[in-house]
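Have a look at the structure below before the remarks.
The values are calculated or read from the model by the stated rules, or taken from the named source; none is laboratory data. All values reported here derive from a predicted model rather than from experimental measurement. Glycine also receives a Cβ, built like all others from the backbone with ideal geometry; neighbour counts cover every protein chain displayed.
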């Protein structure tokens, strides 16, 4: 994968018109419209970048966009691949390695998630303040011995930057959006959780559940990036809302909440 990383860096830089983004954003299911706010953006399909897996899930456009927003240059991953699509955790997180290779130092990763905490409602925005990796996968396996890697045993005491969390909170307060904070639990999917699993996850301390984010954060922190995370609560976890769960519901909720999500993310970027 390391030779592919050099090829990915070359492919991206050859199409970025000389722009050097220091901020990276990952847009989760149904949240891709934020990228439309970029000015003078270039679009690079994942299929044109070595090492990037094409996306196969509705709501994930599968392209890297590099452009400007509020005086900052951003690299925006419009969609992601997932472990449940048959990818390894290392393949899922490879785009984060590519962002680091082109100079990205700050990462905001976003996702759709199911709400477990009773304070979270459908449409709530939740800043991720910590996570629980319940996937059984780790993208750092096999990479610790490579020359140039930052550390062998990564400290995750503060996976999500308290400095960035405060900036996100201030941005939310300015816009009066009522941002919540919580712990995100990652599972592989593709099935949704059972009601009994929801109870177990709550007991373990999870406020929301999803099928992404964590592999990206592990690699980003390993490479020295400062990380923030935000989840859109698109449904209540199984056994809480009394409804059957579906990806259509996820996409419908992200469509309804997208304006608030986009405004908050833009205000956050402006504060960096």
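Key figures for this structure:
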quantity	calculated
Whichever residue in region 62-83 is over 14 Å from residue 111 (Cα atoms) and in a loop (DSSP other than H, G, I, E, B) and, among such residues, is nearest to the chain's Cα centre (by Cα)	62
Set 112, 159, 127: member being touching a strand residue (DSSP E or B) at 6+ places or on another chain (Cβ under 8 Å), closer than 28 Å to residue 260 by Cβ, surrounded by 19 or more Cβ atoms within 10 Å (Cβ to Cβ) and modelled with pLDDT under 95	112
Matching residues, region 5-33, being at pLDDT below 95 and surrounded by 21 or more Cβ atoms within 10 Å (Cβ to Cβ)	28, 29, 30, 31, 32
Residues within region 52-65 that are modelled with pLDDT of 95 or more and either surrounded by fewer than 21 Cβ atoms within 10 Å (Cβ to Cβ) or more than 14 Å from residue 269 (Cβ to Cβ) (or both), tallied	3
Extreme residue, surrounded by the fewest Cβ atoms within 10 Å (Cβ to Cβ), among residues of region 169-179 that are closer than 25 Å to residue 237 by Cα and touching a helix residue (DSSP H, G or I) at 6+ places or on another chain (Cβ under 9 Å)	178
Members of region 84-107 that are within 20 Å of residue 6 (Cβ to Cβ), surrounded by fewer than 22 Cβ atoms within 10 Å (Cβ to Cβ) and either modelled with pLDDT under 95 or out of contact with any strand residue (DSSP E or B) (no Cβ under 8 Å at 6 or more places or on another chain) (or both)	88, 90, 91, 100, 101, 103
Residue match in region 241-264 (condition: part of a loop (DSSP other than H, G, I, E, B), surrounded by 16 or more Cβ atoms within 10 Å (Cβ to Cβ) and at pLDDT 85 or above)	no
